[in-house]
Amino acid sequence: NAMAGRLARQFSALTTWSAADRAILTDPSIDRVLETVLKRLPDVVPGDVLSVTVLEDRTLGLGRTYARAAAADARIRVDRTELSKEDIDALLARADRNSGVVCRSDVPPYLASVAELGATSVCLLPVILKGALVAVVAVGYRGATALSEDDRVHIGNVADRVAVALLAAERERQLYQQAHYDPLTGLPNRLYIEDRLAQDIAHSQREHQRLALLFIDLDRFKDINDTLGHASGDGLLRQVAARLQGCVRAADTVARLGGDEFTIVLTNIGSPRGAQMVAENVIRVLSEPIMLDGRETFASCSIGVTLYPDDGANSEELLRKADTAMYRAKQTGRGRYVFFEEQMNIEALDRVALEQDLRRALTRDEFVLHFQPQVDLRSRAVVGAEMLVRWAHPTRGLLTPDQFVAIAENAGLIESIGEHLLRKACAQHSRWRSEGIAPKRLAVNVSTRQLRQASFWELVQAALAAADMPAAALEIEITESLLLEDAPEVVANLARLEGMGVKVAIDDFGTGYSSLAYVKRLPIHVVKIDRTFMRDTPTSDDAATIVKTIVAMARSLRKEVIAEGVESSEQIAFLLAIGCHRGQGFAISRALPADEFGAYLRAQADGKSAQVL
């Protein structure tokens, strides 16, 4: 009979462990595994109360106790509990090295639910993983403890299953975390927010509530990465994430979609004003200084806002339209928010179509070069020319750069287009040189992305060689903001260009934040006064003072000066009076196609006075 009883318990134990193993494999949640174990355990281990305490916060000792009386119809109760540091240390220190079981003549306070179920003494088995206490298996008795060797083995098997279940649950949690959360900021990612947004939409529909989605994109984040490095860029993203979380309620969701794009889902807003207030707060908070590696940095953002049910019925539609509205915010000056309007959809589709056409424009050679003469204001003799590009679109006609350059930059086409135009300009200059009419210098605008390419100087060298064009005849125009970046690739390219004999000009000088120290330190040869100052000169004293200052500064640093946007004889007289002798603008000539500019140059070469066009 004793043998039969022991075999019956062993069979019950095997079926219990088998059921627990199946639960671990099919449903790794700890709740499901413990439910299986605690329901079957009375057939394996004699005791009056059975429990498993799982620690959820090992630092604070916080956890949950799953307890069940041994009666067949008893239910499992789950209670919050807290283990003191002394409790944890005692379990780790007093565990028997052979079995690991600790028997006590009382019930510790953290097992209050076991005591409430009638136990007065208890046997405990700590579950330890990597030296840390993760769970406690307990068998409670209404009298003295009475564990046999077989009981100790069975309790050990319980602990093993609990340990495996906790490892499986932790692995499942890690996989979920990796799939649904951004590792850099800890925020939910695109996969999570799409699912959460769908749930919030369903809830809003049931409750007849309004929901708002904010699509946030940092302005000029790439400049931070390129100038300060990716580590600083990552630090900026983490700080932005923390600030965004401080702008919303507990019920709202902040997520990072990727790169420098974030979203905020605002649930149960009474009116669009609620979304507007949050958008205004986000812009204000992100405009405050951010410290990166001991230096003060500023960030700004553009925000697109959509509303449910006004702008869409599903998450995909709301995200797409919010992205479209964000793009409009960037177009209209950045650092602002824009609510979606249906007209934006039409413009977005048009922008996509234009991008597709732009990809074909290179292979079809649809880019046309125009040239605006730069003259000596005293003699009107041509001393140079600036190359300006036009796109001869097959159906839209001749497009100016402001209609397609931004699209080319966003589509990652600007480097290819820039190289194509540089080669084309050099070839055109060589043709004029063969006729003996080439301008002394040809200026070509270069995008910021081009100059950040470490091999850019090699592209210039190849274009000059292919056209057999002297390096001194080429002038590369860069934007003033590029000087602030001081990126190693930019500095190296400028040095290489100077070494080749290529001139470098700062375009639109005076509109950015560049320091005279940059102009002095870097190999800059030409300063171009922005047309916005010339427009108000000489009628505006402020504009006139700025122009005078730029000219005086450039001359003191032995730099050449060119005034852009010269449109009247009064402006020419003013420039001559302050010592600026070079200019370009409609008072001299508009930008001309290559053949017309060639005729203009031939008229100059023939000694005829050039007609103002």
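Here are the numbers for this structure:
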| quantity | calculated |
| --- | --- |
| Yes/no for residue 281 being outside any helix (DSSP H, G or I) and touching a residue at least 12 places away in the same chain (Cβ under 8 Å) | no |
| Of residues in region 323-345 being over 21 Å from residue 409 (Cα atoms) and part of a helix (DSSP H, G or I), the one modelled with the lowest pLDDT | 342 |
| Residue check, residue 161 of a type in the set (D, E, K, R), open to solvent by less than 50 Å² (accessible area, probe 1.4 Å) and at pLDDT 75 or above | yes |
| Region 448-461 - residue that is within 22 Å of the chain's Cα centre (by Cα) and closer than 23 Å to residue 562 by Cβ and, of those, surrounded by the fewest Cβ atoms within 10 Å (Cβ to Cβ) | 448 |
| When residues of region 345-379 are limited to those that are in contact (Cβ under 8 Å) with a residue 12 or more places away in the chain and among the small types (Gly, Ala, Ser), the one surrounded by the most Cβ atoms within 10 Å (Cβ to Cβ) | 361 |
| Checking residue 105 against (1) touching a residue at least 60 places away in the same chain (Cβ under 8 Å); (2) of a type in the set (S, T, N, Q); (3) open to solvent by 70 Å² or more (accessible area, probe 1.4 Å), the condition it does not meet | (1) |
| Which listed residue is on the phi > 0 side of the Ramachandran plot and at pLDDT below 90, from 412, 436 | 412 |
| Selection within region 351-393 - aliphatic (A, V, I, L, M) and assigned to a strand (DSSP E or B) | 368, 369, 375, 382, 383, 385, 387, 388, 389, 392 |
| Qualifying residues in region 560-613 (those that are modelled with pLDDT under 90 and in a loop (DSSP other than H, G, I, E, B)) - the one surrounded by the fewest Cβ atoms within 10 Å (Cβ to Cβ) | 607 |
| Elements of type strands (runs of 3 or more DSSP E) contained in region 26-89, each with 2 or more residues being modelled with pLDDT under 80 and open to solvent by less than 50 Å² (accessible area, probe 1.4 Å) | none |
| Which numbered condition residue 422 misses (of (1) open to solvent by less than 40 Å² (accessible area, probe 1.4 Å); (2) more than 29 Å from residue 225 (Cα to Cα)) | (2) |
| Counted residues, region 296-328 - those being under 16 Å from residue 223 (Cα atoms), open to solvent by 10 Å² or more (accessible area, probe 1.4 Å) and touching a residue at least 60 places away in the same chain (Cβ under 8 Å) | 3 |
| Test: residue in region 263-271 that is within 15 Å of residue 185 (Cα to Cα), outside any helix (DSSP H, G or I) and open to solvent by less than 20 Å² (accessible area, probe 1.4 Å) | yes |
| From the options 195, 160, 217, residue that is part of a strand (DSSP E or B) and of a type in the set (D, E, K, R) | 217 |
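The values are calculated or read from the model by the stated rules, or taken from the named source; none is laboratory data. Being a predicted model, the structure only gives us computed values, none of them experimental. Cβ: placed from backbone, ideal geometry, glycine included. Neighbour counts: every protein chain shown. Note: areas computed on protein heavy atoms with side chains; ligands, DNA, RNA excluded. Shrake-Rupley method; radii C 1.70, N 1.55, O 1.52, S 1.80 Å.
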